[in-house]
Amino acid sequence: MPKQLSQSALLAWYSHQKRDLPWRHTNNSWKILLSEILLQQTQVSRGIQYWLKLVDRFPTPQSMADSEVDEVLHLWQGAGYYSRARRLHALSCRVCLPMNEGGHDGILPNTSSELLNLPGIGPYTAAAVASIAHGEPVACVDGNIRRVMARQTQSLNPSLKEVEQWAKANLFTADAGNWNQALMELGATVCTPRRPNCNDCPVASTCVGQSEALKYPQPKKLSKKRLDLMCELRYDSQGLPLLVKRGDDGILAGLWGPRMDSEINTESLTFIGEVKHVLSHRDIFVQVWLGSCEQGREPSTVALSSLDQKILALGGQS
Ligand code: SF4
């Protein structure tokens with residue numbers, strides 16, 4: 001039976017050592033939700049600027065529901081994983097429906113089980129928002145907590161269920177929000193993937209795996225996919241690129257950019273180079289072909305992905 005973490009030691013450490021992050025100064029569940037969705041796939045240092053812009057422009061679910069999804073995508077520009085922005089917009093629209101139409105009259109529900117029923121909210125986000133904003137005694141499980149658990153208990157490859165059971169058994173129910181954040185903060189700043197700082201760890205006394213911490217958990221083998229695309233980058237006589245809005249499917253859904261496809265007709269176009277874009281689960285290689293058009297569009301007026309910005313930068317050098 002693994003030893004129980006020292007709750008008082010971890011909470012005392014958290015209260016003194018936690019990073020000063022802007023979403024830690026609010027208990028507004030909508031603003032906390034925005035931070036949780038952003039931080040799923042965006043680093044904290046970059047997430048701060050996006051969070052500040054989002055809460056300023058969309059301080060309530062209603063303000064987002066009243067806007068076009070294009071505006072959310074525009075603010076999200078550069079943060080990556082744009083499906084999050086589209087799902088967030090869909091979520092705001094659902095929340096703002098009247099109760100008798102399956103909505104919540106514009107108010108984000110309080111409990112993790114109700115939050116789970118909203119589009120784009122998984123078990124982690126529901127537990128994080130409900131515990132941080134409302135103190136609901138539910139345990140969170142994320143990659144940081146899994147790593148702490150694996151090292152504390154010498155588990156090479158703990159399953160989600162095992163991590164959940166451990167997190168639940170250790171939960172400080174009287175202050176679940178701070179407890180969950182403290183555990184995640186420990187994983188993010190002390191029990192890090194490559195350099196765990198066991199000398200400064202507030203829960204080292206219960207950690208069975210600390211002498212060989214890097215062994216736990218075993219890294220997951222990621223099989224990366226390669227995607228090859230061709231891009232038709234056309235400029236008008238003013239030097240503005242032809243930009244089209246993409247459809248609702250695929251990794252760049254809903255964003256604007258030059259025409260891209262697996263195959264394009266390169267007649268009357270000139271090859272100017274290849275752009276490589278690395279995502280966590282795939283590498284994208286885009287052959288860029290230059291041509292002309294009647295009328296382009298000012299890029300700053302639409303939502304562009306980082307990949308499209310790289311393509312335009314290559315075009316600007318040609
Ligand atoms: S003692 Fe080391 S390995 Fe164990 S939880 Fe703390 S930082 Fe991680």
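The values are calculated or read from the model by the stated rules, or taken from the named source; none is laboratory data. Just so you know, these numbers come straight off a predicted model, no measurement behind them. When we count neighbours, we look across all protein chains shown, and the Cβ atoms used for this are built from the backbone with ideal geometry, even at glycine. For the accessible areas, the whole protein counts, side chains as well, though only heavy atoms, and no ligand, DNA or RNA atoms are used. Shrake-Rupley method; radii C 1.70, N 1.55, O 1.52, S 1.80 Å.
Points worth noting:
- Against the chain, whose longest principal axis is taken from its Cα atoms, helix 29-39 shows a tilt of about 70°.
- Listed residues Ser237, Ser29 arranged by accessible area, highest first, probe 1.4 Å: Ser237, Ser29
- Proximal lysines to Lys168, defined as alpha-carbon separation beneath 21 angstrom and excluding residues fewer than eight positions away on the same chain: Lys3
- Treating r as the C-beta distance of Asn27 and Ala313 and R0 as 41 Å, the FRET efficiency rounds to 0.50.
- Nearest 10 degrees, 0 to 90: helix 176-189 Cα axis against the chain principal axis: 70
- Unit charges at the beta carbon, dipole of the chain: most positive-side option, Ser305, Thr192, Ala126: Thr192
- Evaluated at q = 0.15, 0.16 Å⁻¹: base-10 log I(q)/I(0), Debye formula over Cα of segment 219-311: -0.59, -0.67
- Length gained on full extension, Asp175 to Arg19, computed as 0.36 nm times the residue gap minus the Cα-Cα distance: 54.3 nm.
- 14 Å Cα-Cα reach of Lys276 towards aspartates and glutamates, excluding residues that sit fewer than 8 places from it in its own chain: Asp228, Asp308
- Gain in span if fully extended, Gln218 to Gln40, counting 0.36 nm per residue against the direct Cα distance: 62.0 nm
- The sum of -39500 (n - 2.57) across all DSSP H runs of n ≥ 4, divided by the residue count of the chain, sets its helix-only mean residue ellipticity at 222 nm to -12000 deg cm²/dmol.
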